[in-house]
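The values are calculated or read from the model by the stated rules, or taken from the named source; none is laboratory data. Predicted model only: the values in this text are computed from it and were never measured. Please note: Cβ atoms are built from the backbone with ideal geometry, for glycine as well, and neighbour counts cover all protein chains shown. Just so you know, the surface numbers come from the protein's heavy atoms only, side chains and all, with ligands and any DNA or RNA stripped out. Shrake-Rupley method; radii C 1.70, N 1.55, O 1.52, S 1.80 Å.
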Amino acid sequence: MMTSDGVGETSLLLGPEDLAPILEHNAAGRSPFLLACDHYGRLFPRALGDLGVAKSELTRHIAWDIGIAGVAEALSDQLGAHLIAQRYSRLVIDCNRPPGAPSSIPMISEATTIPGNEGILSDAAEARRREVFDPYHHRIEEVISARLHDHLPTVLVALHSFTPVYAGIARPWHIGVLYHRDTTLPALLLKHLRAEGDLVVGDNEPYAVSDLTDYTIPVHGEARGLFNTGIEIRQDLITDEAGQQQWAERLARIFREIEVTLRAERMI
Ligand SMILES: [Zn+2]
């Protein structure tokens with residue numbers, strides 16, 4: 001497959017029938033919250049087929065963050081917040097892993113092997129980075145730069161969802177706040193979520209953010225000096241549209257309160 005993209009490079013991966021990797025929603029939104037959704041979609045470039053993975057596996061959490069797309073779009077609408085999302089499956093290339101890390105193009109996810117990723121040649125890995133990972137992260141970078149240039153307050157929120165049972169272990173949390181170097185926004189978010197009264201809230205559970213296991217928060221949030229946090233919602237709570245809508249409403253209310261606090265304290 002030799003498709004020229006017009007700048008002298010040969011496309012090894014995305015063809016004319018494949019969708020663009022980036023989905024944007026409310027790009028003109030003026031909320032301080034900038035929403036990123038690394039695991040929004042589960043598309044595969046046609047050239048990759050299904051990577052040898054059984055169809056029944058391709059709708060599981062290993063391929064994408066179940067339910068988060070609906071939450072992200074509804075939250076973006078309610079806050080008037082710019083959402084930047086990745087349409088391709090994390091099994092193609094994980095947009096929240098440093099390229100080159102073993103989990104970037106995983107050979108195994110939970111207990112499922114990904115035959116099409118085993119022994120991947122460096123050219124093929126590079127093509128996934130160049131055509132899926134890079135455009136997404138370049139766009140986030142460009143949007144943050146434009147906002148800073150225009151003196152728009154910018155708070156980065158990375159939206160994820162997690163499977164209720166992983167490797168046989170049930171997870172009790174309804175929602176988790178994930179962070180590393182920002183000590184302001186995650187603490188505010190934890191306080192508000194705990195005050196809801198009906199939630200089991202994870203403090204860096206079921207995961208914590210680190211430079212080795214994450215990309216979006218360290219690179220776009222921490223390195224650029226933005227307030228930032230990750231959010232993980234348990235997937236069984238947002239499987240259907242009603243659940244997605246409820247969580248978006250709850251989070252929108254909380255984020256509006258947090259915005260008031262950040263402005264009152266002159267932090268944004
Ligand atoms: Zn995720």
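Things worth noting here:
- Options Arg46, Arg87; residue that is over 20 Å from Leu226 (Cβ atoms), within 16 Å of the ligand (Cβ to nearest atom) and open to solvent by 30 Å² or more (accessible area, probe 1.4 Å): Arg87
- Unmet criterion (only one of (1) of a type outside the set (Phe, Trp, Tyr); (2) under 17 Å from Leu251 (Cβ atoms); (3) surrounded by fewer than 20 Cβ atoms within 10 Å (Cβ to Cβ); (4) under 14 Å from the mean Cα position of the chain (by Cα)) for Gln78: (4)
- Any hit, segment 220-235, residues being open to solvent by 40 Å² or more (accessible area, probe 1.4 Å) and over 28 Å from Ala28 (Cα atoms): no
- Segment 196-221: number of residues that are touching a Pro at 6+ places or on another chain (Cβ under 6 Å) and within 23 Å of Trp247 (Cα to Cα): 1
Residue-wise test of (1) part of a loop (DSSP other than H, G, I, E, B); (2) among the polar types (S, T, N, Q).
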position: Leu188; (1), (2): no, no
position: Asp198; (1), (2): yes, no
position: Tyr207; (1), (2): yes, no
position: Leu212; (1), (2): yes, no
position: Val219; (1), (2): no, no
position: Thr229; (1), (2): no, yes
position: Glu232; (1), (2): no, no
position: Gly243; (1), (2): no, no
position: Gln246; (1), (2): no, yes
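- Residue in segment 90-97 that is more than 15 Å from the ligand (Cβ to nearest atom) and either buried (at least 18 other Cβ atoms within 10 Å of the Cβ) or among the hydrophobic types (A, V, I, L, M, F, W, C) (or both) present: no
- Of all residues making up segment 241-262, the number that are open to solvent by 60 Å² or more (accessible area, probe 1.4 Å) and in contact (Cβ under 8 Å) with a residue 60 or more places away in the chain: 5
- Selection status of Ile84, among the hydrophobic types (A, V, I, L, M, F, W, C), closer than 30 Å to Ile258 by Cβ and in contact (Cβ under 8 Å) with a residue 60 or more places away in the chain: yes
- Residue in segment 179-188 that is away from the ligand (no atom under 16 Å from the Cβ), among the basic types (Lys, Arg), more than 23 Å from Tyr40 (Cα to Cα) and in contact (Cβ under 8 Å) with a residue 24 or more places away in the chain present: yes
- Residue identified as more than 20 Å from the chain's Cα centre (by Cα), open to solvent by less than 40 Å² (accessible area, probe 1.4 Å) and touching a residue at least 40 places away in the same chain (Cβ under 8 Å) among Ala158, Ala167, Ala127: Ala127
- Some residue of segment 140-149 being surrounded by 15 or more Cβ atoms within 10 Å (Cβ to Cβ), closer than 30 Å to Phe255 by Cα and within 16 Å of the ligand (Cβ to nearest atom): yes
- Close pairs from segment 43-62: first touching a residue at least 24 places away in the same chain (Cβ under 8 Å), partner among the β-branched types (Val, Ile, Thr), Cβ under 6 Å, at least 6 apart: Leu51/Ile114; Val53/Ile114; Glu57/Thr112; His61/Thr163; Ile62/Thr112
- So Val209, is it within 14 Å of the ligand (Cβ to nearest atom) and of a type outside the set (Ser, Thr, Tyr): yes
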